[in-house]
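**Q** The structure's right below; bear with me while I get my questions together.
The values are calculated or read from the model by the stated rules, or taken from the named source; none is laboratory data. Values in this document were obtained by computation on a predicted structure and should not be read as measured data. Cβ placement follows ideal geometry from the backbone for every residue including glycine, while neighbour counts extend to all protein chains displayed.
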Amino acid sequence: MKRVLITGGSGLLGSAVAMQAVRDYETFLTYYTYPFRVPGAAGIIQADLADRGVFRGLIDGVQPEAIIHTAAFTNVDGCEVDRAQAERSNVVAVQLIAEEVAKIGARLIFISTDYVFDGKKSYYTEEDAVNPLSYYAETKVRAEEIIRSTCQSYCIVRTSLYGWNAQDKLSFSEWVIAGVSAGKKTPLFIDQYYSPILTNNLADALLELAAGRYTGTLHVTGAQRCSRFEVAECICDVFSLDKTCLSPVSRTSFRGPAARPADSSLSVSKARLILKTPLPDLQESITEMKRLQDEGYPALVKSYCIQEGIVQQ
Ligand SMILES: NC(=O)c1ccc[n+]([C@@H]2O[C@H](COP(=O)([O-])OP(=O)(O)OC[C@H]3O[C@@H](n4cnc5c(N)ncnc54)[C@H](OP(=O)(O)O)[C@@H]3O)[C@@H](O)[C@H]2O)c1
């Protein structure tokens, strides 16, 4: 693979993939609202991916060998409320992308979610049956089906992630760091389990998959099942923050518009057979997140993102 197109380049995951991809590949990236001007990119393109004409023009112009499709309407509660937008960004866009990718014989890496499962067991494998509890997860399941029936060379990557945002918004890990650093009492679920991965670790795996040949579904997450509270404890340990700010609460104390699985931890046994990229445990990947902070990554990634017409440099 020489030329890669990354959709959602301004997102939490897409920005990390773009930062990594420009080192080795001719990299094109798309954004919807916030331009992400990473140095070394061959093209940075504004695109509404649910518009057939726009995406066809993009593919004709770029002619990528692989597309890493990270763009989506990712707000789980937002998708429950605005189903039309969820349908547009998460299903219609995928249909268009899959058709165009199949036409030019490119490879598609699609980012799905651990929320496709109902949370009744632990460490779900690729063979387990999906049973989405939310509209967001339902759109992802339908997108997966479209890709399986349309594309020849693809990988559907189910994951759960955290990391440093390019945009001025907080991922779960940034929210914990910001809250505890400000001395705020920070409520965290002790009974919602998952196995998240740092975006930068996931970026390496996605680029390996894009350059590789594996076709099918793959669970690419952190190796360890943990509760939200345990993740926050680990963040406090590694970032030397005051753990007494963490307040253990039950998921049953929170009622949002969308239901979420009680346990969406994924098995990475298959991914470990296929990937050379290591899938670290929680302590290792939070330590990597801290190392990135120490070398100035959060400020750097933000400096490439333009918000409300102002270049943050
Ligand atoms: N975050 C998680 O915990 C998590 C867990 C499991 C799976 N995932 C999946 O991982 C992927 C990346 O998630 P993320 O957290 O990095 O997302 P994010 O930060 O919300 O970024 C979403 C990206 O999609 C773009 N986008 C949204 N609608 C679009 C449209 N109609 N046309 C073109 N671009 C559009 C956004 O552009 P602008 O911002 O420029 O408008 C942004 O670049 C998603 O597929 C998500 O479903 C995420």
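**Q** Just the residues that are in contact with a strand residue (DSSP E or B) (Cβ under 6 Å, 6 or more places away or on another chain), among the hydrophobic types (A, V, I, L, M, F, W, C) and closer than 22 Å to residue 292 by Cα, please, taken from segment 203-246.
**A** Scanning segment 203-246 gives 206, 220, 232.
**Q** Restricting the search to segment 107-134, which residues are within 12 Å of the ligand (Cβ to nearest atom), in contact with a helix residue (DSSP H, G or I) (Cβ under 6 Å, 6 or more places away or on another chain) and of a type in the set (A, V, I, L, M, F, W, C)?
**A** Residues satisfying the conditions are 109, 110, 116.
**Q** Report yes if residue 72 is within 21 Å of residue 137 (Cα to Cα) and either of a type in the set (Asp, Glu) or touching a Lys or Arg at 6+ places or on another chain (Cβ under 9 Å) (or both), otherwise no.
**A** Working: within 21 Å of residue 137 (Cα to Cα): yes; either of a type in the set (Asp, Glu) or touching a Lys or Arg at 6+ places or on another chain (Cβ under 9 Å) (or both): yes.
Considered against the rule, which asks whether it is within 21 Å of residue 137 (Cα to Cα) and either of a type in the set (Asp, Glu) or touching a Lys or Arg at 6+ places or on another chain (Cβ under 9 Å) (or both), residue 72 comes out as yes.
**Q** Just checking: which of the strands (runs of 3 or more DSSP E) contained wholly in segment 141-255 hold 2 or more residues that are away from the ligand (no atom under 13 Å from the Cβ), over 20 Å from residue 122 (Cβ atoms) and in contact with a Pro (Cβ under 7 Å, 6 or more places away or on another chain)? Full working, then the answer.
**A** Details: elements: 154-159, 186-189, 216-219, 246-249.
Filter on segment 141-255 gives 246-249.
**Q** Since residue 136 meets every condition but one in (1) of a type outside the set (Val, Ile, Thr); (2) in contact with a Gly (Cβ under 9 Å, 6 or more places away or on another chain); (3) free of Cβ contacts under 8 Å to residues at least 40 places away in the same chain, which condition does it not meet?
**A** Here residue 136 clears every test but (3).
**Q** Identify the residue in segment 288-310 that is touching a Pro at 6+ places or on another chain (Cβ under 9 Å) and crowded, with 17+ Cβ neighbours inside 10 Å and, among all such residues, is modelled with the lowest pLDDT.
**A** 306
**Q** In segment 37-57, what residues are in contact with a helix residue (DSSP H, G or I) (Cβ under 7 Å, 6 or more places away or on another chain), more than 13 Å from residue 5 (Cβ to Cβ) and without any contact (Cβ under 8 Å) to a residue 40 or more places away in the chain?
**A** 40, 48, listed by residue number.
**Q** Let me ask something else. If we keep just the residues of segment 1-27 that are part of a loop (DSSP other than H, G, I, E, B) and closer than 12 Å to residue 70 by Cβ, which is farthest from the ligand (Cβ to nearest atom)? Break it down into steps so the answer makes sense when it comes.
**A** First, pick out the residues of segment 1-27 that are part of a loop (DSSP other than H, G, I, E, B): 1-2, 8-11, 25.
Now narrow it down to the ones that are closer than 12 Å to residue 70 by Cβ: 8-11.
Working: 8: 3, 9: 6, 10: 4, 11: 2 Å.
Filtering segment 1-27 for residues that are part of a loop (DSSP other than H, G, I, E, B) and closer than 12 Å to residue 70 by Cβ, the one farthest from the ligand (Cβ to nearest atom) comes out as 9.
**Q** I would also like to ask the following. For segment 103-142, name all the residues that are buried (at least 20 other Cβ atoms within 10 Å of the Cβ), touching a strand residue (DSSP E or B) at 6+ places or on another chain (Cβ under 7 Å) and not hydroxyl-bearing (Ser, Thr, Tyr).
**A** Within segment 103-142, 106, 107, 108, 109, 110, 111, 114, 116, 117, 119, 137, 140 qualify.
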